[in-house]
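K.L.:
Dropping the structure in here first, questions after.
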Amino acid sequence: MRLHFRRSSDAEAWKRADGRLVSMLELVQRYLRQEFGVYVLTVTSFYRPMDTGSPHSDYRAVDLRVRDLPAGAAQAVADWINSQFRYSASPESRYVVCLYGAYDPNGQHNDHIHLQVPPLSEVVAVRGRPTRPPLPGGN
Ligand SMILES: [Zn+2]
């Protein structure tokens, strides 16, 4: 799976990406490859230093292009990653690791997948035991 960065500055900044974000993105890539045959993923936005308060200013969030994915792929991968992980262990946390479509009640994530991990002081919460994405062919 290849990662294509729309901006070369983001490709450079990706070297400083939070390791948990890198791992999450690898899971997303594996799922999309196995389930939908996707081999290239486009990063539309990663590091936004002026976007204070956003995980994008802290190397903890990445936006992925949806329009070149097969139909249903973005919602499927959002459903899958959110079924495995929460943004935080806090019971009142409504944030999820991956925002797309219905996961964003404000409708700001209907055209891209926003993948994020919490500040280093928090851990990504695992929902139960993580499972591998189902293999093509239903095994
Ligand atoms: Zn974003």
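Only the coordinates and a few stated rules stand behind these numbers; no lab work does. Note that the coordinates shown come from a computational prediction; the quantities given were computed from them, not determined experimentally. For neighbour counting, all protein chains shown are included, and Cβ atoms are generated from backbone atoms with ideal geometry for every residue, glycine included.
K.L.:
At 0.36 nm per residue, minus the direct Cα-Cα distance, what do ASP79 and ASN106 gain on full extension? Give it in nm, one decimal, please.
P.N.:
8.0 nm
K.L.:
Let me ask you something else. Between ARG16 and SER54, what length comes free when the chain is fully extended (0.36 nm per residue of separation minus the Cα-Cα distance, one decimal in nm)?
P.N.:
Net length gain for the segment: 12.1 nm.
K.L.:
Step through the residues of the stretch 16-24 one at a time and calculate ³J(HN,Hα) from phi using the Karplus curve (6.51 cos²θ - 1.76 cosθ + 1.60, θ = phi - 60°), rounding each to whole Hz and writing x for Gly and Pro.
P.N.:
Whole-Hz 3J(HN,Hα) from phi for the stretch 16-24: 9, 4, 4, x, 5, 5, 4, 5, 4.
K.L.:
Return the long-range amide H neighbours of TYR87 (sequence gap of 5 or more, or a different chain), with a cut-off of under 5 Å between placed amide H atoms.
P.N.:
Here the answer is VAL96, VAL97, since their amide H atoms fall under 5 Å of that of TYR87.
K.L.:
Rounded to the nearest 0.05, what FRET efficiency is calculated for LEU120 and ARG67 with R0 set to 35 Å and r the Cβ-Cβ distance?
P.N.:
0.60
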